[in-house]
Amino acid sequence: MPVRIDPSILAADFANLESELGRIRTADLVHVDVMDNHFVPNLTLGLPVVESLQRVSTLPLDLHLMISDADRWAPVYAETGAFSVTFHAEAADDVVGTARQLRDRGARAGLAVKPGTDIDSYLELLPEFDMLLIMTVEPGFGGQSFMAEMMPKLRRASAAVAKSGLDVWLQVDGGISAQTIEIAAEAGADTFVAGSAVFGAENAAEQITLLRELAAKHTH
Ligand code: DX5
Ligand code: ZN
């Protein structure tokens, strides 16, 4: 099972996003946190910035939408040509219909759950999704502490994916660092978002390599 390292540009210098992308060329994806100050108590960036990133990024964009009314907005984000669009289960009325609209527009469809939202009722929908995102912090801010208590949820998702035989990626987001990535990898994650750990490092490319090596010790 491959390991994917997905730096979150939330921790990058927003005045210099293009050069910040240059620091993470060894990554697999670029994680872009879209927040609307409604679904979460923070505001980051929206469509114009996503479109500009799409033009300059050599890595695929992994959009994490922390916005209300996902049914309406997630397909619009998919139309930017993003590689992957993840919306929150708590923000959608029609989870399956929205996932299908993402795939129709050529994007991978991701479903995210907040720490307080169970995953079990969504596991029967696995064929509709390309990725599940198990949040390991409350969404809204970078630099928070990893919630190890989410690992049982991750293990259940991992078991369901294995049983299904489907190639659904399992992503974790929040507090991932050299100290925590092995815990998440051992519990079944294969796609690791890391904001402050990567962009806060002196050498971001080296940090990405380190994270990948640590995670790879636990994937088979
Ligand atoms: C939090 C965001 C994360 C955040 C992670 O709501 O979804 O992607 O950037 O930041 P770190 O890695 O610093 O916890
Ligand atoms: Zn995120």
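Worth a mention:
- Residue in the stretch 137-145 that is within 20 Å of residue 176 (Cα to Cα) and more than 16 Å from the chain's Cα centre (by Cα) present: yes
- Filtered residues of the stretch 13-42 (kept if of a type in the set (Asp, Glu), over 16 Å from residue 204 (Cα atoms) and open to solvent by 30 Å² or more (accessible area, probe 1.4 Å)): 36
- Scanning the stretch 50-73 for residues that are part of a helix (DSSP H, G or I) and either within 16 Å of ligand 1 (Cβ to nearest atom) or crowded, with 19+ Cβ neighbours inside 10 Å (or both) gives 50, 53, 70, 73.
- Residue in the stretch 179-200 that is farthest from residue 7 (Cα to Cα), counting only those that are of a type in the set (Gly, Ala, Ser), surrounded by fewer than 24 Cβ atoms within 10 Å (Cβ to Cβ) and within 12 Å of ligand 1 (Cβ to nearest atom): 200
- Test: residue in the stretch 93-104 that is in contact (Cβ under 8 Å) with a residue 24 or more places away in the chain, within 16 Å of ligand 2 (Cβ to nearest atom) and either out of contact with any Ser or Thr (no Cβ under 6 Å at 6 or more places or on another chain) or open to solvent by 20 Å² or more (accessible area, probe 1.4 Å) (or both): no
- Failed condition for residue 170, given (1) of a type outside the set (Gly, Ala, Ser); (2) within 14 Å of ligand 1 (Cβ to nearest atom); (3) touching a Ser or Thr at 6+ places or on another chain (Cβ under 8 Å); (4) within 20 Å of residue 217 (Cβ to Cβ): (2)
- Some residue of the stretch 62-69 being more than 15 Å from ligand 2 (Cβ to nearest atom), under 19 Å from residue 195 (Cβ atoms), touching a residue at least 40 places away in the same chain (Cβ under 8 Å) and not aromatic (Phe, Trp, Tyr): no
- Residue count for the stretch 5-26, restricted to those that are within 14 Å of ligand 2 (Cβ to nearest atom) and not polar (S, T, N, Q): 7
- Checked against the criterion of being surrounded by 19 or more Cβ atoms within 10 Å (Cβ to Cβ), more than 29 Å from residue 58 (Cα to Cα) and not hydroxyl-bearing (Ser, Thr, Tyr), the candidates 131, 150 yield just one match: 150.
- Enumerated helices (runs of 4 or more DSSP H) restricted to the stretch 143-220, each holding at least 2 residues that are basic (Lys, Arg): 151-164
- Taken together, 141, 146 contain a single residue that is under 17 Å from residue 215 (Cβ atoms) and aromatic (Phe, Trp, Tyr), which is 146.
- Test: residue 33 is within 14 Å of ligand 2 (Cβ to nearest atom), assigned to a strand (DSSP E or B), more than 17 Å from residue 170 (Cα to Cα) and within 14 Å of the chain's Cα centre (by Cα): yes
- Every residue from the stretch 74-90 that is within 16 Å of ligand 2 (Cβ to nearest atom) and outside any strand (DSSP E or B): 74, 77, 82, 83, 89, 90
- Condition check for residue 123: of a type outside the set (Val, Ile, Thr), within 15 Å of ligand 2 (Cβ to nearest atom), outside any loop (DSSP other than H, G, I, E, B) and surrounded by 15 or more Cβ atoms within 10 Å (Cβ to Cβ): no
- Residue match in the stretch 109-119 (condition: open to solvent by less than 50 Å² (accessible area, probe 1.4 Å) and in a helix (DSSP H, G or I)): no
The values are calculated or read from the model by the stated rules, or taken from the named source; none is laboratory data. Remember, it's a predicted structure, so these values are computed and weren't measured experimentally. Cβ sites come from the backbone with ideal geometry, for glycine too, and all protein chains shown count toward neighbours. Side chains are part of the model used for accessible areas, which takes the heavy atoms of the whole protein and leaves out ligands, DNA and RNA. Shrake-Rupley method; radii C 1.70, N 1.55, O 1.52, S 1.80 Å.
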